[in-house]
Amino acid sequence: MTFTQVTTTCPYCSTGCSLNLVIQDGKVIGTAPYYRSPVNEGRICPKGTYCHQFIQNPDRLKKPLIRKGDIFYEADWDAALDLISRRFAAYQPDEMAVLTSARCSNEDNYLAMKFARGVLKTRHIDHCARICHAATMVGLFLAFGCSAMTNSIPDIGESDCIFCLGSNTLEQHPLIGRQIIKARARGARLIYADPRFTPTAVQSDLFIQFYSGSDVLLLNSIMGEIIRNGWEDNSFISERTAKYESVRKVVLQKRYEPEIAGPLCGVTPEIIRTTAEWIGNAERCTVLYAMGITQQTAGVDNVRSIANLMMLTGNMGRPGTGVNALRGQNNVQGACDVGCLPNFFPGYGKVSDGAAHRTLARQWGFPNGICEPREGYDINTLFERLKGNSPEIKAMYLIGENPVVSEPDPAAVKEGLSNLEFLVVQDIFFTETCQHADVVLPAACWAEKEGTQTNTERRVQRIRKAIPPPGDAKPDTEIICALAAKMGFAEQFTYTDTRDIFNELCTVIPQYRGMTWDRVSKPEGICWPCPEPNHPGTPILYTDRFSHPDGKGVFYPVDWKEPSDLPDKKYPLRLTTGRLIWHWQSGTMTRRCKNLTDEVNEGYLEMNPTDAESLKVRSGDLIKVSFRRGSLLCKARVVRDIKKGTTFMPFHFIERATGNLPEDSPDSLPRMSEYKVAAISIEKIQDAEP
Ligand code: SF4
């Protein structure tokens with residue numbers, strides 16, 4: 001029996017663990033450790049362990065499909081691409097939009113972006129970062145002049161004090177959680193803020209069981225206490241930052257004193273004082289945060305408050321410090337870097353900047369230019385523009401996106417998609433969104449193609465082809481190049497291989513300019529910025545200056561505002577949402593992995609025993625969860641680990657889609673919807689089955 005192994009990077013979370021895929025007789029039959037990556041040193045979590053199980057699932061798309069009436073018919077590539085090219089050619093640029101995916105590689109996303117802006121000439125391109133870390137992009141840009149995790153994953157293990165909020169790290173990013181455990185073994189303290197007593201809370205030295213939505217209140221109160229005790233870093237503030245006084249004034253207001261802010265956060269004043277003391281006196285403090293912070297309408301405020309706290313205490317630009325935004329999907333950082341955003345070109349040049357626009361148009365060599373030099377629509381706006389009888393957007397190309405499950409209002413997304421005149425969906429499975437398509441294109445999955453992806457710490461790493469794609473499925477890059485050629489742009493989309501595409505994207509992304517295929521193929525990859533060929537990469541940002549032109553970090557005063565959808569008499573409980581260790585995003589991949597579905601395969605609502613008792617609900621009972629815009633049915637789980645008055649639901653299950661629960665009131669700056677704070681009521685429908 002002969003086995004071979006191919007080293008690649010995990011397709012799920014943004015930790016970017018390396019692992020080996022084990023191949024026998026042309027099939028991937030398992031995974032094995034790969035010890036040489038500094039990210040995970042051979043360890044992987046359950047999702048990584050079983051990531052091979054969806055690759056050969058019989059549901060994989062194997063042929064292009066063309067809709068006729070209500071039925072999809074198999075077609076060959078030529079017919080499918082002919083149809084798409086003819087239909088796209090009939091629309092004006094502003095009538096078309098392209099959505100890409102943080103699941104796809106850098107090369108896939110880069111070519112999709114080049115196709116949108118160069119071939120379709122549309123400004124409307126976005127991807128799923130909008131629903132996870134758009135607030136990070138905006139907030140960190142404003143504070144530091146660049147939007148990315150500031151330190152590396154191994155560097156977390158160097159910290160003396162880890163403040164983790166809005167991130168159940170041990171479940172969401174288990175191999176980053178391992179660095180927390182390493183730091184604690186060295187004597188570091190973990191302060192953990194969450195409404196739930198999660199596996200991360202188990203590791204904590206101080207647990208802040210606060211109300212979701214009170215993040216700024218908590219952070220301002222901590223900062224006020226640090227300043228009152230003289231624990232701020234005055235030399236860092238004066239030499240490295242600007243506008244400190246405005247923040248000082250806000251956080252010293254009476255409303256943020258621990259006696260007043262504590263009860264509003266749901267914690268004692270002592271908890272706030274201890275947190276301030278530990279952070280204020282730590283030699284090296286780091287903040288880890290994730291979607292608990294960003295998936296709120298106050299997401300940008302939350303991010304800016306975290307940046308304020310770390311600048312206040314001088315915890316920037318050194319080992320074991322920093323603002324460490326733990327991104328969601330495997331390649332959300334890379335999809336942003338390569339410019340799949342309506343306001344940024346590759347490398348974060350503004351689309352409205354004439355010089356950046358001219359440079360890109362010249363580098364790409366499109367004879368009639370590229371899209372207009374102004375911002376396009378983000379995902380939320382796109383679906384708004386799909387409403388009504390004559391929607392502004394008429395055709396869409398979705399690559400690896402499943403908005404019917406992932407967007408905040410699935411009913412509105414379905415209505416919007418059905419209003420389109422022409423929809424192309426490119427994916428590995430026939431997703432819920434494919435039901436609305438005119439053409440479905442079968443794509444290769446990550447194990448069937450070469451490429452790179454950029455993890456949450458800005459580390460560019462390789463994915464490698466282990467087996468060929470099933471049937472007629474093709475890598476996204478090949479599909480996009482073939483379609484571009486059909487539309488008359490073969491010259492701009494001729495590449496010898498994936499390495500050639502990577503070389504091109506390195507020439508247009510300043511942060512990647514010094515990278516080569518061979519360099520990123522090494523076990524340690526390279527963290528950007530890597531501006532020159534001999535540059536070693538940059539695991540820690542802002543060691544001597546921030547990215548703003550004057551090199552300063554910018555404080556910003558943030559006053560706490562109550563979340564818009566707070567409990568009241570009719571809807572007396574809070575709902576928050578999140579991930580389970582067993583599943584990933586909309587479940588398209590993990591729900592096709594038997595070992596993971598054997599653990600959990602349906603949605604549920606967690607509630608506190610006191611709340612459950614007052615409603616006469618027991619674990620396993622069928623309950624109706626009502627919110628301001630609708631309701632759903634699910635089973636109850638009564639657990640002691642959740643704060644009284646708060647409930648929790650995992651968001652991986654379409655039949656229990658939590659995406660549609662919260663009020664859809666996008667944050668005005670990054671257009672982020674409210675996923676983490678919603679008011680609900682609960683009614684028991686049926687007793688648990690005996
Ligand atoms: Fe994959 Fe993330 Fe688990 Fe690592 S921690 S194995 S990247 S899911």
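The values are calculated or read from the model by the stated rules, or taken from the named source; none is laboratory data. This one's a predicted model, so the numbers in the text were calculated from it and none came from an experiment. Because the Cβ atoms are built from the backbone with ideal geometry, glycine has one as well, and the counts that use them run over all protein chains shown. We work out accessible area using only protein heavy atoms, side chains counted, and drop any ligands, DNA or RNA first. Shrake-Rupley method; radii C 1.70, N 1.55, O 1.52, S 1.80 Å.
Any idea which residue in region 201-236 is nearest to the chain's Cα centre (by Cα), counting only those that are in a loop (DSSP other than H, G, I, E, B) and of a type outside the set (S, T, N, Q)?
G213
Among the listed residues R464, R458, identify the single one that is within 16 Å of the ligand (Cβ to nearest atom), open to solvent by 40 Å² or more (accessible area, probe 1.4 Å) and in contact with a strand residue (DSSP E or B) (Cβ under 9 Å, 6 or more places away or on another chain).
None of the others qualify; the one that does is R464.
Pick from region 355-369 the residues that are more than 28 Å from the chain's Cα centre (by Cα) and open to solvent by less than 100 Å² (accessible area, probe 1.4 Å): which of them is farthest from M396 (Cα to Cα)?
Here the residue is A355.
Please indicate, with yes or no, whether at least one residue in region 582-598 is under 22 Å from Y211 (Cα atoms) and either open to solvent by 30 Å² or more (accessible area, probe 1.4 Å) or in a strand (DSSP E or B) (or both).
The answer is no; no qualifying residue exists.
Please pick out the residue among A102, A112, A116 that is within 16 Å of the ligand (Cβ to nearest atom), outside any strand (DSSP E or B), in the same structural domain as V508 (by TED's automatic domain parsing) and crowded, with 24+ Cβ neighbours inside 10 Å.
Among A102, A112, A116, only A102 is within 16 Å of the ligand (Cβ to nearest atom), outside any strand (DSSP E or B), in the same structural domain as V508 (by TED's automatic domain parsing) and crowded, with 24+ Cβ neighbours inside 10 Å.
Report the residue count in region 9-31 for those that are within 13 Å of the ligand (Cβ to nearest atom) and either surrounded by fewer than 23 Cβ atoms within 10 Å (Cβ to Cβ) or assigned to a loop (DSSP other than H, G, I, E, B) (or both).
9
State all residues of region 44-62 that are of a type in the set (A, V, I, L, M, F, W, C) and in a helix (DSSP H, G or I); if no residue qualifies, say none.
If the condition is that a residue be of a type in the set (A, V, I, L, M, F, W, C) and in a helix (DSSP H, G or I), then C51, F54 are the ones that fit.
Looking for something within 13 Å of the ligand (Cβ to nearest atom), within 23 Å of I156 (Cβ to Cβ) and in contact (Cβ under 8 Å) with a residue 60 or more places away in the chain - is there at least one such residue anywhere in region 1-8?
No - not one qualifying residue is present in region 1-8.
Filter region 577-600 down to residues that are out of contact with any Lys or Arg (no Cβ under 7 Å at 6 or more places or on another chain), without any contact (Cβ under 8 Å) to a residue 60 or more places away in the chain and over 18 Å from T198 (Cα atoms), then give me how many there are.
Residues flagged as out of contact with any Lys or Arg (no Cβ under 7 Å at 6 or more places or on another chain), without any contact (Cβ under 8 Å) to a residue 60 or more places away in the chain and over 18 Å from T198 (Cα atoms) within region 577-600 amount to 1.
Could you pull out the residue among W446, W528 that is among the hydrophobic types (A, V, I, L, M, F, W, C) and touching a Pro at 6+ places or on another chain (Cβ under 8 Å)?
Only one candidate passes the filter, namely W446.
For the condition within 30 Å of N324 (Cα to Cα) and over 22 Å from the mean Cα position of the chain (by Cα), what is the one hit in R458, R464?
Testing whether each residue is within 30 Å of N324 (Cα to Cα) and over 22 Å from the mean Cα position of the chain (by Cα) leaves just R464.
From the list V404, V323, V351, which residue is open to solvent by less than 10 Å² (accessible area, probe 1.4 Å), β-branched (V, I, T) and at pLDDT 95 or above?
Just one listed residue meets the conditions, V323.
Given the structure, is A97 away from the ligand (no atom under 16 Å from the Cβ) and surrounded by 19 or more Cβ atoms within 10 Å (Cβ to Cβ)?
Taking the combined requirement at face value, the residue satisfies it.
Among the listed residues R86, R36, R67, identify the single one that is within 16 Å of the ligand (Cβ to nearest atom) and open to solvent by 10 Å² or more (accessible area, probe 1.4 Å).
R36
Looking at (1) within 19 Å of Q209 (Cα to Cα); (2) more than 13 Å from the ligand (Cβ to nearest atom); (3) open to solvent by less than 10 Å² (accessible area, probe 1.4 Å), which is the only condition T169 fails?
Status for T169: all satisfied but (2).
Specify the residue that is most open to solvent (accessible area, probe 1.4 Å); the eligible residues are those in region 486-524 that are under 17 Å from R117 (Cβ atoms) and in a helix (DSSP H, G or I).
Within region 486-524, the match that is most open to solvent (accessible area, probe 1.4 Å) is E491.
Just checking, does region 284-299 include any residue being free of Cβ contacts under 8 Å to residues at least 60 places away in the same chain, assigned by TED's automatic domain parsing to the domain that holds I156, under 25 Å from E158 (Cβ atoms) and touching a helix residue (DSSP H, G or I) at 6+ places or on another chain (Cβ under 9 Å)?
no
Please tell me if G145 is outside the structural domain of I370 (by TED's automatic domain parsing) and either within 16 Å of the ligand (Cβ to nearest atom) or under 21 Å from S18 (Cα atoms) (or both).
Against the criterion (outside the structural domain of I370 (by TED's automatic domain parsing) and either within 16 Å of the ligand (Cβ to nearest atom) or under 21 Å from S18 (Cα atoms) (or both)), G145 does not qualify.
Any chance region 237-248 includes a residue that's in contact with a helix residue (DSSP H, G or I) (Cβ under 6 Å, 6 or more places away or on another chain) and not in a helix (DSSP H, G or I)?
yes
So, in region 47-64, how many residues would count as being within 15 Å of the ligand (Cβ to nearest atom) and touching a Pro at 6+ places or on another chain (Cβ under 8 Å)?
Residues flagged as within 15 Å of the ligand (Cβ to nearest atom) and touching a Pro at 6+ places or on another chain (Cβ under 8 Å) within region 47-64 amount to 1.
Within region 42-54, can one find any residue that is open to solvent by 60 Å² or more (accessible area, probe 1.4 Å) and on the phi < 0 side of the Ramachandran plot?
Yes, because at least one residue in region 42-54 is open to solvent by 60 Å² or more (accessible area, probe 1.4 Å) and on the phi < 0 side of the Ramachandran plot.
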